[in-house]
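Nothing in this text is a laboratory measurement; each read-out follows from the coordinates by a stated rule. On a predicted model such as this, the values are computed, not experimentally measured, just so you know. Reconstructed Cβ throughout: ideal geometry from the backbone, glycine too, with neighbour counts over all protein chains shown.
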Amino acid sequence: MKRVLMLAAENAAVAGAKVGGMADVIGDLPAALHNEHVAVDVMMPSYGFLVSQLKARFIADVSLPFRGQTTLVEVFIAPHPNVAGSAIYLLDHPHFDAGGAIYTSNNDGRPFADDADKFALMCAAAAQVICQEIVDKPDVLHLHDWHCGVLALLRAYEPRFNALQAIHTVYSVHNLSIQGQRPLCQEHSSLQAWFPELFAKLSVHHDEAMAKIIDPIHAQCFNPMRAAINLCDHLHFVSPTYAKEVMLASECGSGHYGGEGLQDDIAQRAAELRVHGILNGCFYHDTPLELPKRTEQDFAKVLDYAEQCLLNNLANNQWVASQDQIALQRLNQLRRAAKAPSCLLTSVGRLTSQKVALLLQVMADGRYAIEHLLQSLATGQSQGLLILLGSGDEHIEQQLRQVAGRWPQLLFINGFDLPLSQLLYQHGDLFMMPSSFEPCGISQMLAMKAGQPCIVHGVGGLKDTIEHQVDGWVFNGDSLADKVDAMLATVTEAVAMTEQPQFQSMRQQALANRFTWQDVAKAYCEELYEF
């Protein structure tokens, strides 16, 4: 079998090692690629708990220069939990241990500082491990997101790691909006601090090299994502449309999120035929497709489980959060109504500007767009309810808490619970995903998998998975205001459609859609790995 080594910060195949959608790719692809006769090993930090959790076996120490001194990193191996013959390699060092957290926040005006240190060490250790042949030499080295950009730099310019240049190297961009920039020098978390000798050599003798790794906007910063985009053999984006969007500059006025400063580099790689857009996938059951029925009992089940989630939140915290209290009051009101809403809209996701900015745009009357949406649910022919499950940005949580207190048409569950999210996918009528940009998206696939049509903004992977008025609704606009107006009009149209006979055929079409990991694996082999 051909062998691929993936280096990544996250992995959904391991409990506690998932934060975002990248983890699902790392967790799900090895099994699909195994069916294509490709063995995938994954290397990642231990984060202070994965060695014991996986009962990993110690295999080696590697010593390497880092921060001007010799640093020792331990290497452990554990069998892949889902794929026979594949392994998970864990890099263990005190610097990787942040109390079980994958990422840490710097609130001292030094964005990414601690994480950049951690992942720079991860990359240097991984390079050392491969070059010392502590692991089998892979046919392909596959790097994921900004966390791995330093390895692309070391592969290209550090003589100790010249052997890596003979390994075909692929770089996947999961979200271009997070690039991990840090100062080039004169900072504790900087390229100079991590690799002083390499930095000195590049600064004096390699203007061309520096031009490939510095941030295009902040010339005194190192950009690990830009380094990987320019220095790897193939560049992969997680949907065909997103791969096109990022070759255009971002425009705040129109609400277009494009290359975020890296569009020229990406366009140049595309001209070299090295850019690929391959949609992420989803797992599907082999059982025959049956369209689930929506019943009053199903809605009661959703309310009961939502209440239990809220009670768990209260039990695990000393103080009662106001959003939990509002949600419990709303649940009581819904139960007293003794009738399920005629249309149940659902939304599941991280509360970030990317996901909810359109919903929280302020309209001419001073209200948020989501309030206009809720008003349409209250006054239209179909009395509707929006259940929104998510957590993230504290300011966004506050905004939604205030809206939830004003509008009985919104049940806001602040947090994330996997079983509750699955109930929302299964029992909702319409799924809302109005992301300002979406590299791929998994929530829309999960909703369709349960027979729930989606209302989406026509960007990235959302455009690639939803067909307007066939298996869902897609809205667009030439300006930010146009997008918001189109979103509200589309919601009104979709809610009205749920009362029509053709809505069932749309549900059936959504249920029948397939975006399989096996198709993704075949595309990886043909386009990225060249097997």
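The conditions of being in contact with a helix residue (DSSP H, G or I) (Cβ under 6 Å, 6 or more places away or on another chain), among the aliphatic types (A, V, I, L, M) and part of a loop (DSSP other than H, G, I, E, B) are not met by residue 73. Residue 336 fulfils the conditions (1) of a type in the set (Lys, Arg); (2) farther than 19 Å from residue 420 by Cβ; (3) touching a residue at least 12 places away in the same chain (Cβ under 8 Å) except for a single criterion, (3).
Of everything in region 49-65 that is in a strand (DSSP E or B) and of a type in the set (D, E, K, R), the residue that is farthest from residue 124 (Cα to Cα) is 57. Scanning region 277-286 for any residue that is in a helix (DSSP H, G or I) and of a type outside the set (Ser, Thr, Tyr) turns up nothing.
Could you tell me which residue of region 231-254 is surrounded by the fewest Cβ atoms within 10 Å (Cβ to Cβ), considering only residues that are assigned to a helix (DSSP H, G or I) and in contact (Cβ under 8 Å) with a residue 60 or more places away in the chain? Checked region 231-254; the qualifying residue surrounded by the fewest Cβ atoms within 10 Å (Cβ to Cβ) is 240. Screening 38, 25 for residues that are farther than 23 Å from residue 72 by Cβ, in contact (Cβ under 8 Å) with a residue 60 or more places away in the chain and buried (at least 24 other Cβ atoms within 10 Å of the Cβ) leaves exactly one candidate, 25.
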